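Single-structure report; data block below.
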Amino acid sequence: MKIPFTDLYSQYEECKTDIDTAIHDIIKRSDYLTGKTVDKFENLISKYTGAEDCASTGSGTDALVCALKALGVSEADTVWTVGHTYISTTEAIATVGARPFFIDIDQYYHLDLEKVQDFNPDCPPAVILFVDLYGQTPNIDKLKHFAKKYKIKLIEDAAQSFGSKYKGSKVGSLVDLTCFSFNPVKNLGAMGDAGAVTGSKKLIEKVRMFRDHGRKSRLEYEKIGTNARIDNLQAVVVQAKLKKLDQWIKIKRQICHRYSSLLKNYVKVPKEAPWSYHTYYVYVIQTPKGTRDRLKEFLKNKGIETKIHYSIPTHKTKPYKQYSYVNLKLTENVCKNLLSLPCYHTLSMDEQNYIIKSIKDFYSN
Ligand SMILES: Cc1ncc(COP(=O)(O)O)c(C=O)c1O
């Protein structure tokens, strides 16, 4: 059996009529950037997430950079974040000239306020940029309480959690600004790069300005901005897939719950936080110490493709090791044992059983 890590083509097949029609329509109207297509897309994302407003962007990385700029983050500022995430989280902070400060993670792979050390309340960070890693949010109430006390703004890196919920509310309207990625492999994926920021009308207006050259109107420029606009072809692809998303997430969650119940005696399975509707962007196990690479190879020889999210924490990478942190024990330990298994709504029962049996065989011999 050959089991790839992702199956994007099936998503296309399921939405083929809508995608083909929408793309053809864009080409026919030569409607490639800005305008009604984008307005409609942004309204749909606001409606789905429950946010007051939405500004689409060229990517999730663009979304993070524009969100930081909209909150006025610059060279003078420190931004708290995590080292266990995709590189873009920290890259965005450095791009606006601010200093990232890394905080350790908890059992759910989230920024852990309990692990903040040497905090000077007279000198709080400007922003906490936390990550909904693997598809679930941290304890938002706890973060909000802390942020309110010290007048800190909150940005949610929700690149991996479109469609997730916190205490029943969709991700997108929980904190000051929320940043999404529609990278092809994400929960809701384009056929190239795309992203969005959601939040209040006032802040989203600023995001809109930064993503479009700092423009106030067609020929009036207010700020130094950039070109971080969505491509309309991507907007219509994402829009077509949005109709199917809840159903895809529902099936994916069933597969993940099945994995967890059948693998829990062999590996450490992901924990769902009590407040969370987890969308499992990726299904990540922690293997017993020293077995990860051998298991990966074993599965590869059985035709099962796996991935590692993420093997090197950001604070250990060349461009970012100049920035500060105190004690990142869990961040540095977990990355040695993580392995992501194939997990998508089209993964058949036979394929799931084959993956589960292969892992059991590996640890039983
Ligand atoms: C946690 C996280 N943040 C940011 C990004 C950046 O998104 P993009 O690839 O759309 O720029 C990604 C995904 O790639 C991500 O996983």
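The values are calculated or read from the model by the stated rules, or taken from the named source; none is laboratory data. Keep in mind the model is a prediction, meaning the values are calculated, not measured. Positions of Cβ are backbone-derived with ideal geometry, glycine not excepted, and every protein chain shown enters the neighbour counts.
This table checks each residue for (1) among the polar types (S, T, N, Q); (2) over 23 Å from the mean Cα position of the chain (by Cα); (3) crowded, with 16+ Cβ neighbours inside 10 Å; (4) over 30 Å from GLY72 (Cβ atoms).
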residue: ARG211; (1), (2), (3), (4): no, no, yes, no
residue: LEU219; (1), (2), (3), (4): no, yes, no, no
residue: ASP231; (1), (2), (3), (4): no, no, yes, no
residue: VAL236; (1), (2), (3), (4): no, no, yes, yes
residue: SER260; (1), (2), (3), (4): yes, no, yes, yes
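Pick from the stretch 121-167 the residues that are part of a loop (DSSP other than H, G, I, E, B), of a type outside the set (S, T, N, Q) and within 10 Å of the chain's Cα centre (by Cα): which of them is farthest from the ligand (Cβ to nearest atom)? So that I can check it myself, show each step before the final result.
Initial filter on the stretch 121-167 (part of a loop (DSSP other than H, G, I, E, B)): 121-126, 132, 136-139, 150-152, 158-164, 167.
Then drop every residue that is not of a type outside the set (S, T, N, Q), which leaves 121-126, 132, 138, 150-152, 158-159, 162-163, 167.
Applying the additional criterion that residues be within 10 Å of the chain's Cα centre (by Cα) yields 132, 158-159, 162.
On the way: ASP132: 8, ALA158: 8, ALA159: 3, PHE162: 11 Å.
If we take residues in the stretch 121-167 being part of a loop (DSSP other than H, G, I, E, B), of a type outside the set (S, T, N, Q) and within 10 Å of the chain's Cα centre (by Cα), then PHE162 is farthest from the ligand (Cβ to nearest atom).
Can you tell me which residue is surrounded by the fewest Cβ atoms within 10 Å (Cβ to Cβ) among those in the stretch 168-181 that are under 30 Å from LYS16 (Cβ atoms) and away from the ligand (no atom under 13 Å from the Cβ)?
Looking at residues that are under 30 Å from LYS16 (Cβ atoms) and away from the ligand (no atom under 13 Å from the Cβ), I get LYS170.
Name the residues in the stretch 81-101 that are surrounded by fewer than 23 Cβ atoms within 10 Å (Cβ to Cβ), hydrophobic (A, V, I, L, M, F, W, C) and more than 20 Å from GLU222 (Cβ to Cβ), would you? Spell out the reasoning first.
Pass one, the stretch 81-101, residues surrounded by fewer than 23 Cβ atoms within 10 Å (Cβ to Cβ): 86-87, 91, 94-99, 101.
Filter once more, keeping what is hydrophobic (A, V, I, L, M, F, W, C): 87, 94, 96, 98, 101.
Of everything in the stretch 81-101, those that are surrounded by fewer than 23 Cβ atoms within 10 Å (Cβ to Cβ), hydrophobic (A, V, I, L, M, F, W, C) and more than 20 Å from GLU222 (Cβ to Cβ) turn out to be ILE87, ALA94, ALA98, PHE101.
Condition test on VAL207, is it farther than 28 Å from LEU8 by Cα, among the aliphatic types (A, V, I, L, M) and within 16 Å of the ligand (Cβ to nearest atom)? Full working, then the answer.
On the way: farther than 28 Å from LEU8 by Cα: yes; among the aliphatic types (A, V, I, L, M): yes; within 16 Å of the ligand (Cβ to nearest atom): yes.
Considered against the rule, which asks whether it is farther than 28 Å from LEU8 by Cα, among the aliphatic types (A, V, I, L, M) and within 16 Å of the ligand (Cβ to nearest atom), VAL207 comes out as yes.
Does any residue of the stretch 133-140 turn out to be surrounded by fewer than 16 Cβ atoms within 10 Å (Cβ to Cβ), in the same structural domain as LEU68 (by TED's automatic domain parsing) and either in contact with a Ser or Thr (Cβ under 6 Å, 6 or more places away or on another chain) or over 28 Å from LEU242 (Cβ atoms) (or both)? Don't jump to the end; show me each part of the working.
Looking only at the stretch 133-140, we keep the residues that are surrounded by fewer than 16 Cβ atoms within 10 Å (Cβ to Cβ), and these are none.
No: the stretch 133-140 contains no residue that is surrounded by fewer than 16 Cβ atoms within 10 Å (Cβ to Cβ), in the same structural domain as LEU68 (by TED's automatic domain parsing) and either in contact with a Ser or Thr (Cβ under 6 Å, 6 or more places away or on another chain) or over 28 Å from LEU242 (Cβ atoms) (or both).
Failed condition for MET191, given (1) within 15 Å of the ligand (Cβ to nearest atom); (2) not in a loop (DSSP other than H, G, I, E, B), with all others met?
Evaluating MET191 over (1) within 15 Å of the ligand (Cβ to nearest atom); (2) not in a loop (DSSP other than H, G, I, E, B) leaves (2) as the failure.
Going by what's in this entry, would PRO184 be described as buried (at least 24 other Cβ atoms within 10 Å of the Cβ) and not in a strand (DSSP E or B)? Lay out the reasoning, then the answer.
Details: buried (at least 24 other Cβ atoms within 10 Å of the Cβ): no; not in a strand (DSSP E or B): yes.
For PRO184, the condition - buried (at least 24 other Cβ atoms within 10 Å of the Cβ) and not in a strand (DSSP E or B) - is not met.
If LEU111 satisfies every condition in (1) in contact with a Phe, Trp or Tyr (Cβ under 6 Å, 6 or more places away or on another chain); (2) more than 16 Å from the ligand (Cβ to nearest atom); (3) without any contact (Cβ under 8 Å) to a residue 40 or more places away in the chain but one, which is the exception?
The single condition LEU111 does not satisfy is (2).
Is it the case that THR49 is away from the ligand (no atom under 14 Å from the Cβ), out of contact with any Ser or Thr (no Cβ under 8 Å at 6 or more places or on another chain) and either within 21 Å of LEU245 (Cβ to Cβ) or not assigned by TED's automatic domain parsing to the domain that holds LYS329 (or both)? So that I can check it myself, show each step before the final result.
On the way: away from the ligand (no atom under 14 Å from the Cβ): yes; out of contact with any Ser or Thr (no Cβ under 8 Å at 6 or more places or on another chain): no; either within 21 Å of LEU245 (Cβ to Cβ) or not assigned by TED's automatic domain parsing to the domain that holds LYS329 (or both): yes.
Judged against the criteria, THR49 is not a match.
Output the helices (runs of 4 or more DSSP H) that fall wholly within the stretch 289-365 and possess 2 or more residues being surrounded by 13 or more Cβ atoms within 10 Å (Cβ to Cβ) and within 23 Å of the chain's Cα centre (by Cα), or say none.
329-334
For the stretch 245-265, does any single residue satisfy the condition of being outside the structural domain of SER30 (by TED's automatic domain parsing), modelled with pLDDT of 95 or more and not in a helix (DSSP H, G or I)?
Checked the stretch 245-265: at least one residue is outside the structural domain of SER30 (by TED's automatic domain parsing), modelled with pLDDT of 95 or more and not in a helix (DSSP H, G or I).
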